[in-house]
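The values are calculated or read from the model by the stated rules, or taken from the named source; none is laboratory data. Because the structure is predicted, anything quoted here is derived from the model rather than measured. FYI the Cβ positions are ideal-geometry reconstructions off the backbone, even for glycines, and counts take in every protein chain you see.
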Amino acid sequence: MEKVRDEALALSASERASLAHDLILSLDNPADYTVSPAQEAEIQRRVLLVREGQAQGRPAAEVFAEIKAKRQ
C-alpha cells in the first residue's frame, strides 16, 4: 500500500485528480447516481481546469471550517 501511495503522489496534479476520481467511483455503485446534463458539463469544466493546471485549490481545513461555520 505504501508503495502505491508513493507512486500516486509522484503523479502530476491532473493525474492525481483523475486517479482520485476513479478511486472514489470504485467505492460506490455509479449507477446509483445520476447527474443532469448541466451538472455533467460543470464537472467536465472543472476537470479541464485541473488538467490544464488552472484550478485554484484551497486547503481542506479551510473548506471544512467554512462548512462547519455555516452549520452553526
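General remarks:
- Within segment 50-63, being under 19 Å from Ala17 (Cβ atoms) and either modelled with pLDDT of 90 or more or of a type outside the set (D, E, K, R) (or both) holds for Val50, Glu52, Gly53, Gln54, Ala55, Gln56, Gly57, Pro59, Ala60, Glu62, Val63.
- Selection of segment 16-37 for residues being loosely packed, with under 10 Cβ neighbours inside 10 Å and of a type in the set (A, V, I, L, M) yields Leu27, Ala31.
- Positions within segment 22-51 being charged (D, E, K, R) and outside any helix (DSSP H, G or I), in sequence order: Asp28
- Candidates in segment 1-26 are the residues that are more than 14 Å from the chain's Cα centre (by Cα) and hydrophobic (A, V, I, L, M, F, W, C); of these, the one that is farthest from Gln54 (Cα to Cα) is Met1.
- Test: Gln54 is part of a helix (DSSP H, G or I) and among the polar types (S, T, N, Q): no
- Scan of segment 24-54 for residues that are in contact (Cβ under 8 Å) with a residue 12 or more places away in the chain and of a type in the set (A, V, I, L, M, F, W, C), ordered by number: Val47, Val50
- Test result for Ala13, at pLDDT below 90, exposed (fewer than 11 other Cβ atoms within 10 Å of the Cβ) and out of contact with any strand residue (DSSP E or B) (no Cβ under 7 Å at 6 or more places or on another chain): no
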